[in-house]
1. If neighbour count is taken as other Cβ atoms inside 10 Å, put Phe63, Phe106 in order from fewest to most.
2. For region 124-189, what class follows from the C-alpha gyration tensor (a ≥ b ≥ c being the square roots of its eigenvalues): rounded when a/c is under 1.5, otherwise prolate if a/b is larger than b/c, else oblate?
3. Would any residue of region 126-162 have its amide N under 18 Å from a label point 7 Å out along Cα→Cβ of Thr68? List them or say none.
4. Given region 3-168 reduced to its alpha-carbon atoms as identical point scatterers, what log10 I(q)/I(0) does the Debye formula return at q = 0.08, 0.09, 0.13 Å⁻¹?
5. Sort Met118, Met17, Met1 so the one with the fewest other Cβ atoms within 10 Å of its own Cβ comes first.
6. Have a look at Ala45, Leu96, Leu82 and report the one farthest towards the positive end of the charge dipole of region 3-168, computed about the Cα centre with Cβ charges (Lys/Arg +1, Asp/Glu -1).
7. Classify region 74-191: rounded, prolate or oblate, from the alpha-carbon gyration tensor (a ≥ b ≥ c, eigenvalue square roots; a/c under 1.5 rounded; otherwise prolate if a/b is larger than b/c)?
8. Which of the trypsin sites (Lys or Arg not before Pro) found in region 110-191 are loop residues per DSSP with 10 or fewer other Cβ atoms within 10 Å of their Cβ?
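FYI, it's all coordinate maths here, none of it is from the lab. Just so you know, these numbers come straight off a predicted model, no measurement behind them. Cβ atoms come from the backbone with ideal geometry, glycine included; neighbour counts cover every protein chain shown.
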Amino acid sequence: MDEPTALLDAVRQVVEMLEGADRAQWRERAGTLEWSCEETVAHVATGLFWYAGQLATGRLDGFLAFGTTLDDPGDLQELIALVSAGGSVLARTTGLADPDERAFHFYGLSDPGGFAAMGIVETLVHGWDVARAVDPDWAPPKAPSAVAIARLFPTAPAGAPDEVLLWCTGRRALDGRAAPSNWRWDPTVRG
């Protein structure tokens, strides 16, 4: 599965989980984050659009500064639709981009596959954070998790991709290893 396809799969599965939430759950804290579930979902939507914009402009020297807003910020269905749209825009942008294109990220210049993989991590990991309040049994889907790990976490330990992704991002222990307290992905282009 390529990164843009994995991103669409990740977004679809997170959106399905989010659609089961009620208004009270959206106000709860998202996992161990300081944000509410609603704020976390807004962060995911903004991040997906930001990654697409960053790659589309090919900006190499810093962040493209923009944000996303809703006419009615309290409309949860519109916020979910914004996540879906952001995933689609990022998947299309990365899928159509020349593989040699590069753009700035905080952790180093990245390519289209790297930006799609970062979108997968943002979607799945923050989806898992929100699921702590919405659907505690929900886990990141394995196939997109494996794609993101392969691209962004080259030194990740072996294991079930969903569990390894959560470990790599400091969310939970893995096979007796404590979750890392300081973690980061590597979006730079290898090879």
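1. So the residues, fewest neighbours to most, are Phe106, Phe63.
2. Judged from the Cα gyration tensor, region 124-189 comes out prolate (a/c at least 1.5, a/b above b/c).
3. 126-131
4. Cα-only, vacuum Debye calculation for region 3-168: -0.22, -0.27, -0.58.
5. Met1, Met17, Met118
6. Leu96
7. Oblate, because a/c is 1.5 or more while a/b does not exceed b/c.
8. Passing sites in region 110-191 are Arg190.
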